[in-house]
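Below: the structure, in structure tokens.
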Amino acid sequence: MATPTSCSGIGVSAGTAAAPAAIVQPAPGVDTTEPGSIDAAADGARVREALAAVSARLSGRAAKRPGRDEGDPQGHRPARG
């Protein structure tokens, strides 16, 4: 059996939760040597481009996953009871 680990971060609702979880990959660190922003607009554009690339990649992976519900345009599966 795995050793219990406590994870914390920004939640999506008030309160706490406990459940089994699989940590697939460690969270990336922060580059402390990167200088602070001097052009917020350019940095914002870089972030939006990166998010768009990630979104496109994840959408492509989701479209190819087996068992996709063709009746749902976003491919959501019904909740299991």
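Farthest towards the positive end of the charge dipole of region 17-62, among the residues LEU51, THR33, ALA22, is the Cα of ALA22, using unit charges on the Cβ of Lys, Arg, Asp and Glu. Note on region 1-60: Cα-Cα pairs beyond 16 Å make up 71% of the total pair count.
Read the figures in this text as sums done on the coordinates, not as results from a lab. From a predicted model like this one, the values you see are computed outputs, not experimental measurements. Glycine gets a Cβ as well: all are built from the backbone with ideal geometry, and neighbour counts include every protein chain shown.
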